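**Student:** Once you've had a glance at the structure underneath, I'll fire off some questions.
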Amino acid sequence: GINAEYMGIVQILMATLGGTTGPTDSLVQYSTAVPVTESVKGKKGRPGLGSDKGKGSKAEEYLNSILPPREYNKDGKLFVQYVSATPATKADVITLQENLDKKLQQMKARETGICPIREELYAQCFDELIREITIQCLERGFLLVRVRDELRMTIEAYQSLYESAIAYGMRKALLAEQKKNDMNSEIMKLERECAELSKSVEGLEKSIQDMEKSFAEECERLDKKHKEAVESEKLKNQQLKEEMQRLLAEKTPKST
């Protein structure tokens, strides 16, 4: 998802600007890296957590639970770094702020909007503040961890919602594009059918015009023929009439 992609970018940039004491440079203070075998032996007695051994052990366990140790390979050996149990001074807090501003500029983090680099750096700063406060008061550290985890869950929920919205938008866009392609295909098909029907209409209109012309010529020919026949019959009738009158005139006796 988007969150995994962002975190991958952040890890690459962190590794590019990483320090020499660990796999990546972090705003959270870690103790000096030791081989895994030595870390197991010295895990029970880390200095800086007060004179009360029970309280120190509890704080140490809680620090390791909220800020897990970092492991990395170097020269074929596995090293581990535990989060520092040294209480922070005012100078440490000022240094933390300066390092935060410095890293924001070095890694070209955006000042506004969504920026995975800025998000990661502020998360490290917040973890360092939790470390400092937890050493002084476990209860305050526990409450801050709850606040941190709740904020992370809220952000992850928004990121999941954002990714779902993007996926939904992509599906809708693909469906719209598919529908558009289908409609374009249907339009082209209908246009071809319209062109074919237009040609058919033109052919039928031409046939009608030819038939009308042929019918008009045939009517004219028949009318002319009829007139000629009528004239011929009239002429014959006139001739018969004249012949009848002549015959009648010859049979009528002449008066004396």
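**Student:** So which residues in the range 110-124 are more than 23 Å from residue 70 (Cβ to Cβ) and surrounded by 11 or more Cβ atoms within 10 Å (Cβ to Cβ)?
**Tutor:** Selection gives 110, 114, 115.
**Student:** Might you check whether a residue that is more than 25 Å from residue 146 (Cβ to Cβ), aliphatic (A, V, I, L, M), under 45 Å from the mean Cα position of the chain (by Cα) and at pLDDT below 80 occurs anywhere in the range 40-50?
**Tutor:** No, the range 40-50 contains no residue that is more than 25 Å from residue 146 (Cβ to Cβ), aliphatic (A, V, I, L, M), under 45 Å from the mean Cα position of the chain (by Cα) and at pLDDT below 80.
**Student:** Residue check: is residue 70 modelled with pLDDT under 65 and open to solvent by less than 60 Å² (accessible area, probe 1.4 Å)?
**Tutor:** no
**Student:** Pairs under 7 Å by beta carbon, first residue touching a residue at least 60 places away in the same chain (Cβ under 8 Å) in the range 112-140, partner of a type in the set (Gly, Ala, Ser) and in a helix (DSSP H, G or I), six or more apart or different chains?
**Tutor:** Every condition considered, the pairs that remain are 130/141; 134/59; 134/141; 135/59; 138/59.
**Student:** Can I ask one more? Can you find a residue in the range 126-144 that is within 13 Å of residue 26 (Cα to Cα) and within 37 Å of the chain's Cα centre (by Cα)?
**Tutor:** yes
**Student:** Give me a count of the residues in the range 156-185 that are of a type in the set (D, E, K, R) and open to solvent by less than 100 Å² (accessible area, probe 1.4 Å).
**Tutor:** 3
**Student:** Same structure, new question: Looking at residue 247 and the list (1) open to solvent by less than 90 Å² (accessible area, probe 1.4 Å); (2) farther than 30 Å from residue 133 by Cα; (3) modelled with pLDDT of 90 or more, which single condition is not satisfied?
**Tutor:** Only one criterion is unmet by residue 247, namely (3).
Let's see how each residue does on (1) at pLDDT 85 or above; (2) charged (D, E, K, R); (3) open to solvent by less than 40 Å² (accessible area, probe 1.4 Å); (4) in a helix (DSSP H, G or I):
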site: 18; (1), (2), (3), (4): no, no, yes, no
site: 28; (1), (2), (3), (4): yes, no, yes, no
site: 56; (1), (2), (3), (4): no, no, yes, yes
site: 88; (1), (2), (3), (4): yes, no, yes, no
site: 94; (1), (2), (3), (4): yes, no, no, yes
site: 108; (1), (2), (3), (4): yes, yes, no, no
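The values are calculated or read from the model by the stated rules, or taken from the named source; none is laboratory data. Since we're looking at a predicted model, the values are computed, not measured. In this analysis, Cβ positions are derived from the backbone assuming ideal geometry, glycine residues included, and neighbour counts consider all displayed protein chains. Just so you know, the surface numbers come from the protein's heavy atoms only, side chains and all, with ligands and any DNA or RNA stripped out. Shrake-Rupley method; radii C 1.70, N 1.55, O 1.52, S 1.80 Å.
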